[in-house]
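Throughout, read-outs are computed from the coordinates displayed, never taken from laboratory work. Treat the numbers as computed from the prediction; the structure is a model and nothing was measured. Backbone-built Cβ (ideal geometry, glycine too); neighbour counts: all protein chains shown.
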Amino acid sequence: MKKKIIYALSLALLVGPVVASVEKANYNPTDEAVSVDITKKEKEKVEEIKEVFNITESYEDFNLIKDPINSDTGSAYLNKKAKNKSLDSYQWSDENLGNLQVTYTSDGDFYSYSKWRKDQYDNKNSEKISKDQAQKIVEEKLEKLIPDFDKKYKLKDFSLLDDGKELSLFYDRLVKGIPLASDSLYVNISLTSKEIRDMGINSDFGPATSFLSDKDFTDKAKLSQEDAEKIFAKKFPLRLSYKISNDGKSVSKVYHSEIFDIDAKDGKLVKNNNLGFMPYEMDKVADVASLTDVEVKKIDGLKDLKKKSEAKKRAYEITGDGYQVTSISLNSDKENYYYNINLEKDKNYSHITLNAKNLNLVSLDLWTDRKVYNNKVKEEDAKKLALDFLEKYGDKSELNLDKVSIDSSKMGTSVTLPRYVNKLPVLKEGVKIFVDQDKKISSYERTFTKVDFSKPSDNNLTQEEANKIFLSSKNFGLKYVITEKGPTLFYGNIKDFDPIIGKDKILRDYNGEIINFKEQISYPDLDKARNKDAILFLKDMEIGLIGRNLSDKITYQDFVKLLNGSSGMNSSYMDSFGLDLEKLKDKNIPEKDVVKTLVTKNNLERFTKVKGIFKEDLFKNQKSLDDYESYYIIAKGFGYIDGDIDPDKEMTLEEILYLIYNSIK
């Protein structure tokens, strides 16, 4: 955002030497500089802020920044609501004291707070307060800043960071008890200094939604939760699908659904069709290696490759008039050869990739420097254009032309044709074709991973069981969504994700992140634990296993999951610890490999190389530890181990959790 600082004056009455500045956003045609007077009201606001946030220090500088709200919020309704509104930021700064900023809306509502100082991490070793104590401090502050805070926000999630020394709290914004899907509030607080570091409002629409009040939310639901769940089960239930692993080497069967929103008044399905981008830089062919002149000369003689002149002709046929080819190169991956062709038109650069054997289109990216978007192409017309283009230039193999999905926006229309294998969809694979407002195909992308579908990881769940797992997560419910016409009630995902459920029956998003991870960790034998508080502390840090007992023996693969919390982890992670997870993953992990891995993971391995500083009588039969001796000594020195050792013992989940707890407490 282009900004101009245009006015300054002294505010000696407030905090000593101060400066007030005003910023003007590049949000209207004139963008003319304006000036403001510092009023009595603004002086009173500064005094109020200093009292609320206990700002007693004498900072060297003070600034008042008025930042107008951008006139294009993404919603015509919000544009009107935020017209002539601004964010007012009160900023203190000092070379020694650090920086402090408090922001309010021009309507006087709290928006954000942040504080930084040089010594803020000096007390990291101080005694920590509990999560509950920190949450109480936070909410007492928020109750002073936001009237009826307990009715407007609800705690959604929290995270413990920096080995449990920092707490992040996340709140959903509520309107009449219903979540506003686009808005949330975050707070970060130190558990050692007990200070709030920063907090503020987040919204998909920027600050504009902060100017909405409860009276703007007039929509009423006619459908019940039960009605909405029946529509979900009938129209877009979780369906058995193929999911290719991140490394592209394997495939598994999972249940998946693209969750639609359901209008709470009439039950009609609505898909989020706000295409916030114009296709520009498309993915190029993966793992491509350029060929030498010798290789090109040899390949040019192969009868099954089309000539470069034919590829050039094909490129002109696809792009139409006005384009000039600037370069053509022949590249290859393990399976195919490709012509990569760069083009130019009116100083706009474009790109085409063709299969060198049949000149079928692999990818297309035609860029135009368009100033105004006003797409009025009917979806059926766009679909026909896309299918005709595919028929003429693309490859229809493994595409299900009966399952076409269409997204429209002011920029154009995106037509997606999914890949199907053995009558099952392959997630995130297929062909995407973009039709612009001039009815021209401006992008084409074919995503097909070569993988063996004959032996997928199976899934014995039924569709009914998968649907039940998703619905019981409480992520599907009533919510307010900001539309062009204003706040509207829908049933749909509260947290925006497409559910994936594998054979382990755990709900994840497409990237493998476990949904509601902490809530799913529950140990039937927790009351028998030696240190229940340590186990629960780790649970709050998203360290634990779902569906297990503390007394269970743990495999190498289980240990990997413990180290990575809710995100999952591929086998290559353990390579840095000298462990071949592919061979070991199903074997129970012994104590010695847990100790070695924790020492290495916490960047302490360098101490194992130091000579002549280790005692030789720390453990019984210490020399029998062989290559693990130095790791055990380091672990002992840093407090990981607080009792006897048994290097070859297969560890239980509880025992491993205590080692992890000792390594971070």
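Can you compute the modelled spin-label distance between K601 and K583, with each label point 7 Å from Cα toward Cβ, in nm?
Each label point is offset 7 Å from its Cα along the Cβ direction, giving 2.2 nm.
Sequence neighbours fewer than 8 away in the same chain don't count; with that in mind, list the aspartates and glutamates whose C-alpha is under 20 Å from K468.
E226, D227, E229, E258, D261, D458, D496, D498, D504, D509, E513, E519
Taking a ≥ b ≥ c as the square roots of the Cα gyration tensor eigenvalues, with a/c under 1.5 meaning rounded and otherwise prolate when a/b beats b/c, else oblate, which class fits segment 289-447? It would help to have the intermediate numbers written out before the result.
Details: a/c = 2.45, a/b = 1.32, b/c = 1.86.
It is oblate, given that a/c is not under 1.5 and a/b is not larger than b/c.
Once the other residues with Cβ under 11 Å from the Cβ of S252 are scored (Lys, Arg +1; Asp, Glu -1), what is the net sum? Kindly include the intermediate steps, with their values, before the conclusion.
Details: positive: K243, K253, K455, K503; negative: D458, D504.
Residues near S252 contribute +2 overall.
Any chance you could check the Cα centroid distance between segment 140-212 and segment 469-490 for me, in angstrom?
That distance is 19 Å.
Kindly rank 254-266, 505-517 from highest to lowest mean number of other beta carbons found within 10 Å of each residue. Write down the numbers at each step before the final one.
Numbers: 254-266: 19.5, 505-517: 17.2.
My ranking of the peptides, most packed first, is 254-266, 505-517.
Mind checking which of Q437, T652, Y111 is farthest towards the positive end of the chain's charge dipole, using Cβ charges of +1 (Lys, Arg) and -1 (Asp, Glu) about the Cα centre?
The one lying farthest along the dipole's positive direction is Q437.
Below 8 Å, C-alpha to C-alpha, sequence gap of six or more: please give me the relative contact order for the chain in percent. Present the calculation step by step, with values, prior to reporting the outcome.
On the way: 1174 pairs, mean separation 61.2, N = 665.
Contact order relative to length: 9 percent.
About the Cα centre of segment 289-447, how large is the charge dipole given +1 on each Lys and Arg Cβ and -1 on each Asp and Glu Cβ? Please answer in debye to the nearest 20. Before the final figure, lay out each step's value.
Details: 30 positive and 26 negative charges, 21 e Å.
With only Lys, Arg, Asp and Glu charged at Cβ, the dipole is about 100 debye.
If I take every Cα pair under 8 Å that is 6 or more residues apart in segment 517-664, average their sequence separation and divide by the length, what percent do I get for the relative contact order?
Dividing the mean separation by the residue count of segment 517-664 yields 28 percent.
Straight-line reach from K649: which aspartates and glutamates have a Cα under 17 Å away, not including same-chain ones fewer than 8 places off?
Within the straight-line limit of under 17 Å, K649 reaches these aspartates and glutamates: D552, D558, D586, E591, D593, D626, D627, E629.
Could you tally the net charge around G108, taking each other residue with its Cβ under 12 Å from the Cβ of G108, Lys/Arg +1 and Asp/Glu -1? Display every interim value, and only then the final one.
Working: positive: K41, K45, K85; negative: E42, E44, E48, D88, D107, D109.
Charge balance in the 12 Å sphere: -3.
Please say if the chain is rounded, prolate or oblate, where rounded means a/c under 1.5 for a ≥ b ≥ c the square roots of the C-alpha gyration tensor eigenvalues, and otherwise the choice is prolate for a/b larger than b/c and oblate otherwise?
Working: a/c = 1.59, a/b = 1.07, b/c = 1.48.
Oblate, since a/c reaches 1.5 and b/c is not below a/b.
About the Cα centre of the chain, what is the dipole size in debye to 20, counting +1 per Lys and Arg Cβ and -1 per Asp and Glu Cβ, all else neutral? Walk me through the numbers on the way to the answer.
On the way: 109 positive and 114 negative charges, 371 e Å.
Roughly 1780 debye, rounded to the nearest 20.
Return a single number: how many Lys pairs in segment 492-564, at a sequence separation of 8 or more or on separate chains, have alpha-carbon atoms below 17 angstrom apart.
Taking the Cα cut-off of 17 Å, the pair count is 11.
What's the ranking of 371-381, 645-655 by average number of surrounding C-beta atoms within 10 Å, highest first?
On the way: 371-381: 10.9, 645-655: 16.7.
Packing proxy ranking, top to bottom: 645-655, 371-381.
Only counting other Cβ atoms within 10 Å, I'd like S443, S130, S309 sorted with the fewest neighbours first. Present the calculation step by step, with values, prior to reporting the outcome.
Details: S443 23, S130 13, S309 9.
Lowest to highest Cβ neighbour count: S309, S130, S443.
So which aspartates and glutamates can K308 reach, going by Cα to Cα under 13 Å and dropping same-chain residues fewer than 8 places off?
Qualifying aspartates and glutamates at Cα under 13 Å: D300.
Along each of the three principal axes of the Cα atoms of segment 349-404, give the extent in whole Å, ordering the values from largest to smallest.
39, 32, 15
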